[in-house]
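To start, the structure under review is shown below, and the notes come after it.
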Amino acid sequence: MTVLVTGANRGLGSAFASALVERGAMKVYAAARDPEAIRTPGVTAVGLDVTDHTQLAGLAERLSDVTMVINNSGIHRRTSLFDDDAVDVVESVLRTNLLGTLAVSAAFTPVIIANGAGVIANMLSAGSWLAGPGNLAYAVSKAAALSLTNNMRAELGPKGVQVTAIHAGFIDTDMMAAFPGAKLSPRDVSNAALSAIAEGAQEVLVDEMSWRAKTASALPVPGFPA
Ligand SMILES: NC(=O)c1ccc[n+]([C@@H]2O[C@H](COP(=O)([O-])OP(=O)(O)OC[C@H]3O[C@@H](n4cnc5c(N)ncnc54)[C@H](OP(=O)(O)O)[C@@H]3O)[C@@H](O)[C@H]2O)c1
């Protein structure tokens with residue numbers, strides 16, 4: 001398996017890259033906006049800003065042995081409907097978390113199909129199903145990315161491409177540095193996700209928070225406060 005991991009310079013992406021090397025992946029392309037920031041032994045560093053779609057055609061041509069993509073890059077910005085710049089912030093988060101995932105997947109789908117079969121795994125979140133004050137941009141982006149993932153699966157499944165959605169609650173990375181509560185280790189999340197992907201899982205609910213968020217989304221919407 002030859003794998004491309006986006007956002008692989010730190011956080012969960014770097015944990016995915018090292019776990020893949022340890023698991024004996026044939027080749028791991030660790031992509032980052034600044035490829036010099038890649039420190040993981042055993043990977044090939046490549047430059048990729050997922051919002052720069054002009055880079056992608058050339059990259060897909062160059063990395064023509066890829067059989068698996070992990071769309072890990074993501075950003076979180078606190079946003080509220082009351083913020084003057086709410087539309088701009090949501091747009092910018094969607095550009096990375098939704099359109100970046102779409103653009104990378106669209107560029108590498110022909111490569112994966114040409115190589116026989118493979119996997120596209122999208123790093124989503126328990127937040128795909130959650131709503132809360134301040135979380136507008138991120139939650140909208142992950143809910144939309146979940147729909148993107150489901151629609152990709154509908155098209156790519158019949159072509160032999162496994163499309164896996166990975167959901168997790170709080171993970172101990174820069175993104176959640178300000179959150180004081182209990183967090184999952186990036187190592188545990190990447191290992192749980194990679195084991196499930198290897199077994200053919202189309203959805204990975206890494207922790208109880210994800211299970212609860214998904215289950216709660218099937219309950220009736222609460223009544224309007226009196
Ligand atoms: N942390 C959590 O609690 C949590 C929970 C569930 C899901 N997730 C998801 O897990 C994924 C990884 O997040 P993390 O926790 O590892 O966050 P992180 O530590 O903030 O790392 C985010 C990564 O995404 C990269 N990135 C951001 N914008 C990019 C762009 N335009 N092009 C390429 N790379 C870009 C960053 O690169 P730079 O260094 O260049 O900024 C960095 O490598 C995200 O999709 C996130 O939504 C996180």
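The values are calculated or read from the model by the stated rules, or taken from the named source; none is laboratory data. The structure displayed is predicted, hence computed values, not measured ones. Using ideal geometry, Cβ is built from the backbone for each residue, glycine included, and neighbour counts are taken over all protein chains shown. Note: accessible area is taken over every heavy atom of the protein model, side chains too, but ligands, DNA and RNA are not part of it. Shrake-Rupley method; radii C 1.70, N 1.55, O 1.52, S 1.80 Å.
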Inset, instruction - Determine whether Val50 is without any contact (Cβ under 8 Å) to a residue 40 or more places away in the chain and either within 16 Å of the ligand (Cβ to nearest atom) or under 30 Å from Ala143 (Cβ atoms) (or both). - result: no
Inset, instruction - Could you grab the pairs with beta carbons closer than 8 Å, sequence gap of 6+ or different chains, first residue in the stretch 168-181 and of a type in the set (S, T, N, Q), second one within 6 Å of the ligand (Cβ to nearest atom)? - result: Thr173/Arg10; Thr173/Gly11; Thr173/Leu12
Legend entry - Criterion violated by Ala57 - all others in (1) of a type outside the set (Val, Ile, Thr); (2) assigned to a helix (DSSP H, G or I); (3) modelled with pLDDT of 95 or more; (4) open to solvent by 60 Å² or more (accessible area, probe 1.4 Å) satisfied: (3)
Legend entry - Val119 among the aliphatic types (A, V, I, L, M), away from the ligand (no atom under 16 Å from the Cβ), assigned to a helix (DSSP H, G or I) and within 18 Å of Leu4 (Cβ to Cβ): no
Legend entry - Conditions (1) more than 30 Å from Ser80 (Cα to Cα); (2) within 15 Å of the ligand (Cβ to nearest atom); (3) open to solvent by less than 20 Å² (accessible area, probe 1.4 Å); (4) among the small types (Gly, Ala, Ser); number of the one not met by Ala126: (1)
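Name the residues in the stretch 81-101 that are part of a helix (DSSP H, G or I) and either at positive phi or away from the ligand (no atom under 13 Å from the Cβ) (or both), would you?
So in the stretch 81-101, the residues part of a helix (DSSP H, G or I) come out as 86-101.
Within the stretch 81-101, Ala86, Val87, Asp88, Val89, Val90, Glu91 qualify.
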Inset, instruction - Could you list all residues from the stretch 141-167 that are closer than 22 Å to Met1 by Cβ, crowded, with 19+ Cβ neighbours inside 10 Å and either of a type in the set (A, V, I, L, M, F, W, C) or free of Cβ contacts under 8 Å to residues at least 24 places away in the same chain (or both)? - result: Met152, Leu156, Val161, Val163, Ala165, Ile166
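Every residue in the stretch 1-15 that is under 20 Å from Asn115 (Cβ atoms) and within 15 Å of the ligand (Cβ to nearest atom), please.
Residues of the stretch 1-15 under 20 Å from Asn115 (Cβ atoms): 1-6.
Hits for the stretch 1-15 are Leu4, Val5, Thr6.
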Legend entry - Matching residues, the stretch 9-45, being within 13 Å of Leu63 (Cβ to Cβ) and in contact with a helix residue (DSSP H, G or I) (Cβ under 6 Å, 6 or more places away or on another chain): Val28, Ala30, Val43, Ala45
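Does Ala168 satisfy the condition of being out of contact with any Lys or Arg (no Cβ under 8 Å at 6 or more places or on another chain), of a type in the set (Gly, Ala, Ser) and within 14 Å of the ligand (Cβ to nearest atom)?
On the way: out of contact with any Lys or Arg (no Cβ under 8 Å at 6 or more places or on another chain): yes; of a type in the set (Gly, Ala, Ser): yes; within 14 Å of the ligand (Cβ to nearest atom): yes.
Against the criterion (out of contact with any Lys or Arg (no Cβ under 8 Å at 6 or more places or on another chain), of a type in the set (Gly, Ala, Ser) and within 14 Å of the ligand (Cβ to nearest atom)), Ala168 qualifies.
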Inset, instruction - Could you figure out which of (1) in contact (Cβ under 8 Å) with a residue 12 or more places away in the chain; (2) under 26 Å from Glu91 (Cα atoms) isn't true of Asn191? - result: (2)
